[in-house]
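Q: Got a structure here, written out as structure tokens. Questions coming.
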Amino acid sequence: MEVLKKHSSFCALLFLSSLVLHHFNSVHSIGVNYGTLGDNLPPPAQVAQFIKDKTIIDRVKIFDVNPDILRAFANTGIFVSVTVPNGEIPNLTNVRYARRWVDANIKPFYPQTKINYILVGNEILHWGPQNLRDNLVAAMKTLHKALVRSGLRDIRVTTAHSLAILESSQPPSLAKFRPGWDKGVLAPMLQFLRETRSPFMVNPYPYFGYSPELANFALFRPNKGVYDRFTRRTYTNMFDMLVDAVFISMKKLGYGDVEIVVGETGWSSQGEVFEPKCTVPNAASYNGGLLQKYNSGQGTPLLPRKKFETYIFALFNENQKTGSTAERNFGLFRPDFSAVYDIGIMRGGAATAKPVPRPALPAPATPKPKPQAGKKWCMAKASATDTALQANIDYVCSQGFDCKPIQPGGSCFNPNTVRAHASYIMNVYYQKEGRNNFNCDFRNTGAITASDPSNGPCIYVS
């Protein structure tokens with residue numbers, strides 16, 4: 001009888017423990033991208049304390065290896081992903097250099113700061129130039145070796161991709177990686193990620209696929225869905241469709257077992273008059289729907305039980321990002337830590353997404369660029385398609401012109417849009433090739449202006 005009592009007590013304790021573990025495993029959480037292109041942002045120590053004490057954010061991704069940020073997140077329990085500057089990629093193919101880089105940028109902060117991923121560059125295949133694409137996988141492998149030799153075996157090495165790596169994404173069943181990149185870069189990269197148990201990180205943005213007729217589909221609102229007749233799956237949101245397109249593309253190369261992580265996705269809450277999709281209700285609907293989906297544990301139609309690690313873009317509105325108003329308004333929070341809208345990301349906060357009202361302040365007038373005598377610049381036409389403009393970027397960069405300013409970390413990387421990057425690069429070509437009208441034609445996608453398009457740190461040559 002005493003044995004039965006002890007056995008019953010043990011079973012009850014085991015059951016209670018399982019309930020406690022289930023509770024902690026089901027606590028809501030999300031990741032976020034922490035950008036720093038603002039002159040009014042709070043110091044990193046305050047940011048780390050705010051995230052830890054006030055929000056359900058349990059991981060952040062930064063776009064550099066800022067030591068102040070890494071120190072600020074020490075002993076917070078929050079995971080931090082860091083990014084190797086693009087320009088370091090060729091150097092990191094040398095194992096001695098990689099060891100020195102780890103010694104200078106990782107070892108002083110780890111493990112007090114829970115660095116979980118090191119991203120080797122950002123969207124390299126999309127933006128290039130070619131020498132970075134050629135060295136990307138080798139740099140990832142060498143950096144991994146340097147970490148292992150330094151005894152840092154728990155930090156994973158990966159890189160983030162825009163969905164320009166896909167030749168097509170609709171329907172997901174017919175998706176595939178771009179020829180040339182598929183077997184030349186992505187297959188060996190995926191093999192490395194499989195061997196090191198590291199994730200394939202992608203940046204799916206339904207924001208860029210928005211159209212009025214697809215608004216509900218893009219924003220996690222009720223809609224009739226999109227049916228993929230080849231897989232016999234119905235998609236109720238664009239996010240799932242994009243993630244499954246990536247999965248199918250990986251599977252076609254034989255790497256469907258490699259984990260997918262969503263490195264960036266988000267929605268701007270304010271834009272110019274020509275950006276009607278950028279509203280607080282839309283941003284709240286998209287990011288709120290994303291958060292609810294993430295914390296429900298619901299996967300995609302092809303991976304129904306998979307919970308994808310996800311990082312929302314972005315933590316703050318950043319007032320020094322160049323380009324349209326939209327680029328400066330992707331944040332969940334204002335620099336004073338007030339929420340732009342409520343998606344339930346605060347501890348004990350609401351589970352539903354709704355705007356947070358705030359008295360409107362008059363926006364400072366933006367001075368219009370004045371014509372400068374004798375100077376001209378080449379810009380992308382408003383009617384030009386992104387496909388045509390990307391072709392312009394690829395052509396100019398392939399001709400040996402300096403494309404570093406439009407790469408991550410470059411003075412003209414932001415706004416991170418094809419149109420903004422194309423305008424900068426087309427102007428470089430126009431200025432260097434003689435400033436003739438035909439040097440700005442680009443198959444009728446370029447136009448000459450007498451108003452200086454320079455913006456903030458992005459200076460257009462003249």
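The values are calculated or read from the model by the stated rules, or taken from the named source; none is laboratory data. What you see is a predicted model, and the numbers here were worked out from it, not measured in a lab. FYI the Cβ positions are ideal-geometry reconstructions off the backbone, even for glycines, and counts take in every protein chain you see. For the accessible areas, the whole protein counts, side chains as well, though only heavy atoms, and no ligand, DNA or RNA atoms are used. Shrake-Rupley method; radii C 1.70, N 1.55, O 1.52, S 1.80 Å.
Q: Taking amide H atoms as placed 1.01 Å from N in the peptide plane, list the residues 5 or more away in sequence, or in a different chain, whose amide H sits under 5 Å from that of Val261.
A: Amide H neighbours of Val261, under 5 Å, 5+ apart: Phe200, Met201, Val202.
Q: Scan around Val32 for amide H atoms under 5 Å from its own, H built in the peptide plane at 1.01 Å from N, and keep only partners 5 or more places away or cross-chain.
A: Arg59, Val60, Lys61, Ile312
Q: Now, a different point. Please compute the volume of the convex hull spanned by the alpha-carbon atoms of the range 183-342 and report it per residue in Å³.
A: Enclosed volume per residue, from the Cα hull, is 145 Å³.
Q: Dipole size in debye (nearest 20) for the chain around its Cα centre, Lys and Arg Cβ +1, Asp and Glu Cβ -1?
A: Working: 51 positive and 34 negative charges, 143 e Å.
Computed about the Cα centre, the dipole is about 680 debye.
Q: Same structure, new question: For Lys145, what accessible surface area do you get with a 1.4 Å probe? Give it in Å², rounded to 10.
A: Lys145 has an accessible surface of roughly 110 Å² with all protein chains in place.
Q: Let me ask something additional. Let me see the pair-distance distribution of the range 97-172: every alpha carbon pair, 5 Å bin width, integer percents in order.
A: Histogramming the range 97-172 at 5 Å steps yields 3, 15, 22, 20, 15, 12, 7, 4, 2, 0 percent.
Q: Right, something else. Please list, in chain and number order, the residues 5+ apart from Asn319 or on another chain whose amide H is under 5 Å from its amide H, with Hs placed from the backbone.
A: Asp39, Asn40
Q: What are the aspartates and glutamates whose alpha-carbon lies under 19 Å from the alpha-carbon of Lys114, with same-chain residues fewer than 8 places away excluded?
A: Asp53, Asp58, Asp64, Asp68, Asp103, Asp154, Glu309
Q: Could you state how much accessible area Phe208 has, in square angstrom rounded to the nearest 10, with a 1.4 Å probe and all protein chains kept in place?
A: The value for Phe208 is about 120 Å².
Q: What helices does the chain have that are whole DSSP H segments, at least 20 Å long along their own axis by Cα, and with mean Kyte-Doolittle hydropathy of -0.5 or more?
A: Qualifying helices: 2-25, 130-149, 238-252, 418-432.
Q: When the Kirkwood hydrodynamic radius is evaluated over all pairs of different C-alpha atoms of the range 125-212, what value in angstrom, to one decimal, is obtained?
A: 14.5 Å is the Kirkwood radius here.
Q: When mean projected area of the Cα convex hull in nm² is calculated directly from the model, which label among [x] 30.1; [y] 22.5; [z] 26.7 fits?
A: Computed from the coordinates, mean projected area of the Cα convex hull in nm² corresponds to [z].
Q: Would you tally the net charge around Val82, using a Cβ to Cβ cut-off of less than 10 Å, leaving Val82 out, and scoring K and R as +1, D and E as -1?
A: Cβ neighbours under 10 Å give a net charge of 0.
Q: Can I ask one more? Give, as a single signed number, the net charge of other residues whose beta carbon lies under 10 Å from the beta carbon of Val157, with Lys and Arg counted +1 and Asp and Glu -1.
A: +3
Q: How charged is the neighbourhood of Gly348? Take every other residue with its Cβ under 13 Å from the Cβ of Gly348, and add Lys/Arg as +1 and Asp/Glu as -1.
A: On the way: positive: Lys54, Arg347; negative: Asp53, Asp342.
It works out to a net charge of 0.
Q: Using just the helices of the chain, give the 222 nm mean residue ellipticity in deg cm²/dmol: DSSP H runs with n ≥ 4 each add -39,500 (n - 2.57), and the total is spread over all residues, rounded to 500.
A: -10000 deg cm²/dmol
Q: Dipole of the range 129-188 (Lys/Arg Cβ +1, Asp/Glu Cβ -1, origin at the Cα centre): which of Ser162, Val185, Met140 lies farthest to the positive side?
A: My answer, from the dipole projection, is Met140.
Q: Excluding ligands and nucleic acids, what accessible area in Å² is computed for Val95 using a 1.4 Å probe, to the nearest 10?
A: 50 Å²
Q: For Thr83, Thr449, Thr234, give the ranking by accessible area with the largest first, probe 1.4 Å.
A: Largest accessible area first, the residues go Thr234, Thr449, Thr83.
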